[in-house]
Structure formats: C-alpha cells, structure tokens
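What follows is a single structure, written as structure tokens, with notes after it.
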Amino acid sequence: MSSGSRIPTNLRTLLILEAVGAQSDPMSPAEIGREIGLPKQTTHRLCNTLLEEGFLMRDERGRGLRPGRRARMMGQGVVHSSSSHVARHQVLQELALQIGETVNFVVPEDRGMSYQDRVETDWPFRIQLPVGTNVPFHCTASGKTYLASLPKAERRRLVHVMHLERHTDTTITDPDDLLAELHEIAKQGYAVDRSEFYDGMVAMAVPVLDPTGRYCASVAFHAPEQRLSVETAMTKVDDLVATSKKLTDTIFSS
C-alpha cells in the first residue's frame with residue numbers, strides 16, 4: 001500500500017499480523033512498516049501493543065517479531081470453526097478406513113504438538129490420545145515432522161534448547177542424534193515413531209502444507225506394535241501423502 005493514511009485504523013493491526021504470519025523469518029517493525037505502507041512511528045506503536053497483548057512475540061535471538069500465542073490460536077480457531085473442519089474430518093475418516101488404524105490431525109503449540117482432530121479405530125485394543133492432548137516434539141512422529149520442516153538454523157537452535165525427556169528406551173535424547181534424524185525426515189518427507197513416546201506404539205506422520213508449500217500441520221496414524229510393525233507402517237506412506245494433499249485442498253479451498 002502506498003500510504004498509511006489511507007489504511008483504516010481498525011485494519012492496521014490485522015495487516016501487521018498478516019505480514020508477520022506470511023514470513024518464515026522474523027520481521028522487524030521497520031520491515032513490517034515497509035511491507036504494508038505504515039509510518040515507522042505508527043508501526044512501532046502498534047507492534048508494541050500487539051506484543052503486550054500476546055498477538056506478537058519477540059524472536060529469541062532478538063532479530064524481529066513472530067506471531068504470538070494469541071495470533072496462532074486465532075488462526076487455528078478460524079480453521080477449526082469453518083465449514084472446512086467438517087470436510088477435513090471426512091478426509092481423515094477416509095484414511096482411517098484405508099489403513100484401519102487411528103488417524104490424527106496435529107498442530108504445533110507452545111507446549112508441544114496438539115491433537116486437533118482424530119478418527120478412532122474400531123479395534124478394542126487401542127492407544128487413547130484424545131483431541132486436545134499435547135505430546136512432545138522430539139519423540140512423536142507428528143512432532144518430528146514439524147521440527148524437520150523448520151529451516152536448518154532454526155531447527156538446530158530449537159533442538160538445543162528443548163528438554164529431550166526420555167519416555168522409553170528408544171527415545172532420542174541426544175541433540176545431535178535427533179538433528180541427524182530430522183535431516184533424514186526432511187529429505188524423505190515422513191517421520192516414524194518407533195515406540196519413542198509410548199512403549200509398544202508405532203506411529204507415522206507427514207506434513208500438511210499450505211498452498212505456498214509451508215508446513216501448517218501433521219497428519220498421522222498410530223497403532224500398537226502387536227498389530228502394526230514399523231515395516232508395515234512404511235507401506236502406508238503413499239496413503240498418508242495422498243491424504244496430506246487432500247487436506248491442503250480441503251482446508252485452503254474455502
């Protein structure tokens with residue numbers, strides 16, 4: 001926009017959130033102002049207000065601003081409450097019928113990966129992880145998929161500040177070992193949980209991307225290893241990838 005004076009006052013904060021949310025790297029107030037055409041002083045004032053209210057947060061390295069907790073919750077709420085939520089659940093149901101196991105739609109939050117939607121298996125023996133559950137980043141298929149989607153420098157920084165708690169004998173707790181696995185996940189496009197979070201649970205996940213190719217969620221399935229081996233889970237990768245593409249079309253078409 002060519003002039004900040006022509007941007008309605010009640011629209012300016014939304015444009016700031018839109019600009020910050022569209023970038024994978026943090027933005028400075030000056031960069032935000034240039035992007036949307038606001039004066040420097042106005043941009044700084046509005047950014048400070050959004051920081052105080054939790055809609056923006058400072059990057060840990062002091063390089064700029066990122067979407068804060070309230071902005072992320074608002075974005076997730078819009079997707080969840082729209083008609084696409086019903087269509088998304090139908091896509092998950094289709095996958096659950098194909099593979100015969102519980103299917104999950106999972107997004108990153110401050111406390112870990114959050115289960116936003118799921119379709120339960122009909123098997124009486126199943127692992128309960130209800131909607132709203134938060135699980136760790138480092139030892140779940142969905143969490144490792146998210147970490148692998150990050151730029152290499154951001155991935156390394158985050159892994160080295162995370163608490164890599166041991167949940168089972170196979171949990172990866174060494175940062176360098178985890179980074180090596182995330183590198184492989186980024187190349188192959190899927191992640192496997194080999195009983196790293198729960199003993200006896202196998203899981204697999206792939207990223208769900210927005211129309212620009214950026215990560216927005218993980219689609220995953222899990223099952224007891226007595227019923228599903230890692231080798232058998234690997235045969236379901238194509239089904240997961242096809243579902244991921246359907247979810248992108250479903251979520252962002254409305």
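Just to be sure I follow the rule: in the chain, considering lysines 8 or more places apart or on different chains, how many pairs have Cα atoms under 18 Å apart?
Numbers: Lys144/Lys152; Lys144/Lys187; Lys144/Lys236; Lys152/Lys187; Lys187/Lys236; Lys187/Lys245; Lys236/Lys245; Lys236/Lys246.
Eligible lysine pairs with Cα atoms under 18 Å apart amount to 8.
Report the relative contact order of the chain, percent, no decimals, based on alpha-carbon pairs under 8 angstrom and at least 6 residues apart. Walk me through the numbers before you get to the answer.
Working: 414 pairs, mean separation 37.6, N = 254.
15 percent.
Considering every Cα-Cα pair within segment 136-245, what fraction, in whole percent, is farther apart than 17 Å?
Details: 3033 of 5995 pairs.
The proportion of pairs with Cα distances above 17 Å equals 51 percent.
What part of the accessible area of segment 93-238, given as a whole %, is carbon or sulfur when the probe is 1.4 angstrom? Walk me through the numbers on the way to the answer.
Working: 3430 of 6680 Å².
The nonpolar share, carbon plus sulfur, comes to 51 percent.
When the Debye formula is applied to the Cα atoms of the chain, each taken as the same point scatterer, what base-10 log of I(q)/I(0) results at q = 0.07, 0.12 Å⁻¹?
Taken in order of the listed q values, log10 I(q)/I(0) reads -0.27, -0.74.
Please identify every one of the trypsin sites (Lys or Arg not before Pro) in segment 1-50 that sits in a loop by DSSP and has no more than 16 other beta carbons within 10 Å of its own beta carbon.
none
What is the packing order of peptides 140-148, 88-96, taking the mean over residues of other C-beta atoms within 10 Å and listing the highest first?
Working: 140-148: 27.2, 88-96: 18.2.
Those peptides, ordered most packed to least, come out 140-148, 88-96.
For segment 117-246, what's the relative contact order in percent, using C-alpha pairs closer than 8 Å and at least 6 residues apart? Write out the running numbers ahead of the final one.
On the way: 190 pairs, mean separation 30.5, N = 130.
Reported relative contact order: 23 percent.
About the Cα centre of the chain, how large is the charge dipole given +1 on each Lys and Arg Cβ and -1 on each Asp and Glu Cβ? Please answer in debye to the nearest 20.
1200
For the chain, what is the accessible area per residue in Å² when the probe is 1.4 Å?
Numbers: 12990 Å² over 254 residues.
Accessible area per residue: 51 Å².
Taking a cut-off of 14 Å, what percent of all Cα-Cα pairs in segment 188-248 are separated by more than that? Don't skip to the answer; put the middle values down first.
Values: 968 of 1830 pairs.
Everything past 14 Å amounts to 53 percent.
The values are calculated or read from the model by the stated rules, or taken from the named source; none is laboratory data. All values derive from a computational prediction rather than experimental measurement. For neighbour counting, all protein chains shown are included, and Cβ atoms are generated from backbone atoms with ideal geometry for every residue, glycine included. All accessible areas refer to the heavy atoms of the entire protein, side chains included, with ligands and DNA or RNA removed. Shrake-Rupley method; radii C 1.70, N 1.55, O 1.52, S 1.80 Å.
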